[in-house]
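To start, the structure under review is shown below, and the notes come after it.
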Amino acid sequence: MNYLIVFLSMPGGSEWIIIGIAILLLFGGKKIPELMKGLGSGVKEFKNAAKDDKPADKKEEETKE
């Protein structure tokens, strides 16, 4: 029953179009690509930081070598 409530509360196609138009009106056509570029670079930086993050034991072994 809970899955049905979650599924029915999700926006459909027409709601997504209205949300998109509202975002376009709020930020304007020129600002949206800049926002997406910033979001993409933030995600890329997060992935690189997560990939470079190693456990403390391995970091100590690498510095000793």
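Where a number appears in this text, it was derived from the coordinates with a stated rule and is not lab data. Treat the numbers as computed from the prediction; the structure is a model and nothing was measured. Counting neighbours? That spans all protein chains shown, and the Cβs are built from the backbone with ideal geometry, glycine included.
Okay, here's what the table says:
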read-out	value
Length added when fully stretched, Ser41-Asp53, from 0.36 nm per residue minus Cα-Cα	2.5 nm
Where labels lie 7 Å past Cα in the beta-carbon direction, separation of Lys30 and Met10 in nm	3.7 nm
